[in-house]
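Below: one structure, written as structure tokens.
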Amino acid sequence: MQQTRYNEAIRQALQEEMCADEDVFLLGEDIGEYGGAFGVTQGLFDEFGAARVIDTPISEGSTTGVAIGAAMEGRRPVVELMFMDFIALAADQLLNQAAKLRYVFGEQARCPIVIRTPVGGGRG
């Protein structure tokens, strides 16, 4: 039985969703041509282009804020924060904006975002 590594399974899931829905796009640091810190997005830039696999500056809060705005407009962003250690830098956007939009705007606002971030030691 062939085993699939986590990074390969995640890449396959991202690829499947991007093929199935043109509104799905990726945002993160070094996820484009470089393929991400752990190689998860390797090849997706070549397949889907710079409009759907977007390299962002080192600003977790801004990247998450962009994703929230895009989600409110009907897009399906998947944000990669390079390491879980940096998620606190996006806490305001996640806890005070994304999480509360439904309560503030009711049925008028939706915020379907995915935040993906590795945690733990090693590369396994």
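The values are calculated or read from the model by the stated rules, or taken from the named source; none is laboratory data. Only a predicted model underlies this, so the values are computations on that prediction, with no experimental measurement involved. Note that each Cβ is placed from the backbone with ideal geometry, even for glycine, and that neighbours are counted across all protein chains shown. We work out accessible area using only protein heavy atoms, side chains counted, and drop any ligands, DNA or RNA first. Shrake-Rupley method; radii C 1.70, N 1.55, O 1.52, S 1.80 Å.
Within the range 29-41, residues that are in contact (Cβ under 8 Å) with a residue 12 or more places away in the chain reach partners that are open to solvent by 20 Å² or more (accessible area, probe 1.4 Å) and of a type in the set (S, T, N, Q) with beta carbons closer than 8 Å, at six or more positions or on different chains, in the pairs E29/T56; G36/Q42; F38/N7; G39/N7; V40/N7. Against the list (1) farther than 25 Å from L94 by Cβ; (2) more than 14 Å from the chain's Cα centre (by Cα), the condition G35 fails is (2). Residues of the range 64-94 that are touching a helix residue (DSSP H, G or I) at 6+ places or on another chain (Cβ under 6 Å) and among the small types (G, A, S): G65, A90.
Considering each residue of the range 93-124, count those that are more than 17 Å from the chain's Cα centre (by Cα) and at negative phi, and give that number. Before you say what the answer is, go through the steps one by one.
So the first thing to find is which residues in the range 93-124 are more than 17 Å from the chain's Cα centre (by Cα), and the list is 96, 100-109, 120-124.
Okay, now just the ones that are also at negative phi, so 96, 100-105, 107-109, 121, 123-124.
Qualifying residue count for the region: 13.
So which residues in the range 55-107 are among the acidic types (D, E) and within 21 Å of Q15 (Cα to Cα), if there are any at all?
Applying the first criterion (among the acidic types (D, E)) to the range 55-107 yields 55, 60, 73, 80, 85, 92, 107.
Result: D55, E80.
Within the range 31-53, being closer than 20 Å to T64 by Cα and in contact with a Ser or Thr (Cβ under 9 Å, 6 or more places away or on another chain) holds for I31, G32, G35, V53. Just so you know, in the range 97-116 the residues that are farther than 30 Å from G39 by Cβ and assigned to a loop (DSSP other than H, G, I, E, B) include one that is most open to solvent (accessible area, probe 1.4 Å), and it is R110. Taking each residue of the range 97-119 that is under 25 Å from I31 (Cβ atoms) and at pLDDT below 90 and looking for partners that are surrounded by fewer than 13 Cβ atoms within 10 Å (Cβ to Cβ) and of a type in the set (D, E, K, R) with beta-carbon atoms closer than 7 Å, six or more apart or interchain, yields nothing. Look at (1) open to solvent by less than 70 Å² (accessible area, probe 1.4 Å); (2) within 20 Å of G35 (Cα to Cα); (3) assigned to a loop (DSSP other than H, G, I, E, B) and you find that V119 fails only one, number (1).
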